[in-house]
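Trainee: Structure below; questions to follow.
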Amino acid sequence: MKRILIVEDEEMMAGMVARVLRQEGYAAETAGDGGSGFSRATDDSFDLIILDWMLPDRSGVQILRGLRAGGVGTPVLMLTARDQIEDRVEGLDAGADDYLPKPFALPELLARVRALTRRAAEAPAETTVRAGDLSLDPVRHVVRRGDERIELTAREFALLHLLMGRPGQVFTRSVLLDTVWGMPGEVQTNAIEMYVSYLRKKLDRRGEPSHIRTVRGVGYAFRAEPGA
Ligand code: CA
């Protein structure tokens with residue numbers, strides 16, 4: 001069940017939102033001021049925080065900045081009576097994922113809640129793939145060995161990402177062609193061999209067995225520990 005924290009000082013509003021969310025199958029919890037909202041949001045993990053802008057002790061934007069500065073990446077939907085464009089920009093700059101001006105219609109709130117909780121579930125927290133001192137970051141498109149950056153072409157990168165993502169799994173030539181090249185008919189049959197040899201030159205250390213293992217007559221596999 002997805003968990004939602006509602007930080008809102010107006011009790012009727014908070015109670016109504018919590019009830020509607022519970023009816024929709026969410027676990028909803030309320031906090032009536034900024035201080036308790038901030039500590040709940042940092043102490044526990046939620047799928048979404050619905051955060052009111054105007055709170056008695058500190059503003060929603062201050063809370064949001066504090067959460068983001070503290071590394072809390074939970075999606076935040078800001079609620080506010082303000083609908084000034086500058087405020088909206090300020091909220092988004094502070095790290096809000098969406099913004100809903102009061103008064104709002106409940107179906108609109110629910111639609112945004114669905115979108116934000118879905119987005120969060122789809123985004124993996126850590127996308128970087130690692131093996132020993134080798135790391136591949138698909139978001140920034142960077143491969144490193146230790147501190148040293150290894151320059152790869154887009155195709156080399158895609159091939160390495162596929163192999164490295166499932167160490168030990170043997171990928172057949174046809175799967176590699178389908179996945180990395182997309183149109184096997186237009187690719188030379190030795191393309192995979194060529195790209196594997198490029199990758200080995202760039203990745204492997206002299207005198208050490210290759211990270212990419214040839215499985216004769218079948219295809220290739222990535223080994224997390226060269227020589228294993
Ligand atoms: Ca308020």
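Trainee: Rounded, prolate or oblate: which one fits the range 1-77, using the alpha carbon gyration tensor with axes a ≥ b ≥ c (rounded when a/c is under 1.5, else prolate when a/b beats b/c, else oblate)?
Mentor: Judged from the Cα gyration tensor, the range 1-77 comes out oblate (a/c at least 1.5, b/c at or above a/b).
Trainee: Same structure, new question: So which residue, out of Thr30, Thr179, Thr42, gets the largest mean-square fluctuation from a GNM of the chain using Cα contacts under 10 Å as springs?
Mentor: Taking springs between Cα atoms under 10 Å, the residue moving most is Thr179.
Trainee: Right, next: Report, in degrees rounded to the nearest 10, the 0 to 90 angle that the Cα long axis of helix 191-203 makes with the longest principal axis of the chain.
Mentor: 70
Trainee: OK, next. Against the longest principal axis of the chain, how steep is helix 34-43, in degrees 0 to 90 to the nearest 10, with axes from Cα atoms?
Mentor: 30
Trainee: Something else now. Report the calculated FRET efficiency for Arg149 and Val89 (r = Cβ-Cβ distance, R0 = 45 Å), to the nearest 0.05.
Mentor: Efficiency computed from Cβ-Cβ geometry: 0.80.
Trainee: Give, in nm to one decimal, the length gained when the segment between Glu108 and Glu225 is fully stretched (0.36 nm per residue of separation minus the Cα-Cα distance).
Mentor: Full extension from Glu108 to Glu225 adds 37.0 nm.
Trainee: Projecting each Cα onto the charge dipole of the range 129-222 (Lys/Arg +1, Asp/Glu -1 at the beta carbon, about the Cα centre), which of Met194, Phe157, Gly132 comes out farthest on the positive side?
Mentor: Positive-end residue among those listed: Gly132.
Trainee: Using Cα positions and a limit of under 27 Å, work out the lysines in reach of Lys2, with same-chain residues fewer than 8 apart set aside.
Mentor: Straight-line reach from Lys2, under 27 Å: Lys102.
Trainee: At a Förster distance of 25 Å, what's the computed FRET efficiency of Val218 paired with Arg118, Cβ-Cβ distance as r, to 0.05?
Mentor: So the FRET efficiency works out to roughly 0.05.
Trainee: Roughly how far apart, in whole Å, are the Cα centres of the range 40-75 and the range 131-161?
Mentor: Between the Cα centres of the range 40-75 and the range 131-161 lies a distance of 34 Å.
Trainee: Something else about it: Per the Debye formula with a single identical scatterer at each Cα and no solvent contribution, what log10 I(q)/I(0) holds for the chain at q = 0.10, 0.11, 0.14, 0.16 Å⁻¹?
Mentor: -0.65, -0.70, -0.82, -0.94
Trainee: For Arg130 and Met16 in the same chain, what is the full-extension length gain: residue separation times 0.36 nm, less their Cα-Cα distance, in nm?
Mentor: The Arg130-Met16 span can extend by a further 36.5 nm.
Trainee: Return the distance in nm (one decimal) between the two label points of a simple spin-label model at Met194 and Ser45, each offset 7 Å from Cα along Cα→Cβ.
Mentor: Modelled inter-label distance: 4.5 nm.
Trainee: Give the cross-link partners of Lys202 among the aspartates and glutamates, using a straight C-alpha distance below 15 Å as the criterion and excluding same-chain residues fewer than 8 apart.
Mentor: The reachable aspartates and glutamates, counting only those whose Cα sits under 15 Å from Lys202, are Asp133, Asp147, Glu148, Glu151, Glu156, Glu193.
Trainee: Same structure again: What 222 nm value per residue comes from the helices of the chain, counting each DSSP H run with n ≥ 4 as -39,500 (n - 2.57) and dividing by all residues, nearest 500 deg cm²/dmol?
Mentor: When only DSSP H runs of four or more count, the value is -11500 deg cm²/dmol.
Trainee: Spin-label point model (7 Å from Cα, Cβ direction): what's the Met1 to Asp204 distance in nm?
Mentor: About 5.5 nm, to one decimal.
Each reported figure results from applying straightforward, stated rules to the coordinates on display, with no laboratory input. Owing to the predicted nature of the structure, the values given are computational and were not obtained by experimental measurement. Please note: Cβ atoms are built from the backbone with ideal geometry, for glycine as well, and neighbour counts cover all protein chains shown.
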